Amino acid sequence: MSVSNPILYSFRRCPYAIRARLAICYAGITTQHREILLRDKAQEFLQVSQSKTVPTLVLGDRVLDESYDIMLWALEKNDPENWRAMPALGHDLIVQTDGPFKDALDKTKYASRHPQEDMIANRHTAAEFLVTLDVMLKKGCLFGSKPTLADMAILPFVRQYAFIDKLWFDAQPWTNLKRWLESFLASDLFAASMPKYPRWYSGDDIAYFPERKTD
Ligand SMILES: N[C@@H](CCC(=O)N[C@@H](CS)C(=O)NCC(=O)O)C(=O)O
């Protein structure tokens, strides 16, 4: 490990950042972690990230500021369980997640920021997508019994939706989807992808992601 590890600008609860960290952790890559406060973003981050969004990964020769690109970059380095072996539909599902599903999710979660929107209608729009996933999840994962890139790219968003109102979510009849989410939340990979870091300031000691084990 050295200061040449890629730098990951991240925010713990952000579903885009979570999907990037899942892929980085799964691929066995170590990054220098910089926790960003969204309402007061570090200058260093603003200078390197064109999209000004987390996650942003700074490599020696380029900057990746889209979470899906970071996932693909990590899996190109190492994909031990072949997450990339998924049908083209997996990619379509990710596009739907990042587009209409996330839009309806945000209008449900942050309803007060969208006073002209009907929160219940948006919750329903998002739920329709989840019903589609629930049907696909009969064998445990979206494309059979093993997770693919699509499962891991989508799960952080389903988690975010579920926790808007967990009691309501738990009362829905989406048995497969709820089992899929529960098993993800209980997984070692999820736990390893969610460590807590203090906000990063220039000059701080380097923090690594995933965390280094100390015995
Ligand atoms: N397209 C980006 C979207 C990432 C994104 O929107 N992240 C949010 C946090 S969850 C963000 O950084 N928003 C900027 C802000 O809140 O100022 C990706 O997939 O990486």
2 or more residues over 23 Å from Tyr110 (Cβ atoms): qualifying helices (runs of 4 or more DSSP H) within segment 143-215: 149-162, 175-185, 188-193
Which one of these is of a type in the set (A, V, I, L, M, F, W, C) and within 17 Å of the chain's Cα centre (by Cα): Leu72, Leu89, Leu46, Leu59? Leu72
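Search segment 131-142 for residues being out of contact with any Phe, Trp or Tyr (no Cβ under 6 Å at 6 or more places or on another chain) and in a helix (DSSP H, G or I), and hand back the single one that is surrounded by the most Cβ atoms within 10 Å (Cβ to Cβ).
Leu133
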Qualifying position, being surrounded by fewer than 21 Cβ atoms within 10 Å (Cβ to Cβ) and not assigned by TED's automatic domain parsing to the domain that holds Pro55, among Ile120, Ile154: Ile120
For segment 37-50, check the following and say yes or no: at least one residue is under 28 Å from Ala162 (Cα atoms) and crowded, with 17+ Cβ neighbours inside 10 Å. no
Cβ-Cβ under 8 Å pairs, at least 6 apart or on other chains, segment 115-134 side free of Cβ contacts under 8 Å to residues at least 12 places away in the same chain, far side surrounded by 13 or more Cβ atoms within 10 Å (Cβ to Cβ): Glu117/Lys107; Glu117/Ala111
Tell me the helices (runs of 4 or more DSSP H) entirely within segment 32-116 that contain at least 3 residues that are farther than 22 Å from Leu189 by Cα. 43-48, 88-96, 102-109
Consider only pairs whose beta carbons are under 6 Å apart and that are at least six residues apart or on different chains; among these, list those whose first residue lies in segment 13-24 and is under 17 Å from Ser187 (Cα atoms) and whose second residue is near the ligand (Cβ under 7 Å from one of its atoms). Arg19/Ser67; Ala20/Pro55; Ala20/Ser67
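The values are calculated or read from the model by the stated rules, or taken from the named source; none is laboratory data. Fair warning: this is a prediction, and the values are worked out from it, not measured in the lab. Please note: Cβ atoms are built from the backbone with ideal geometry, for glycine as well, and neighbour counts cover all protein chains shown.
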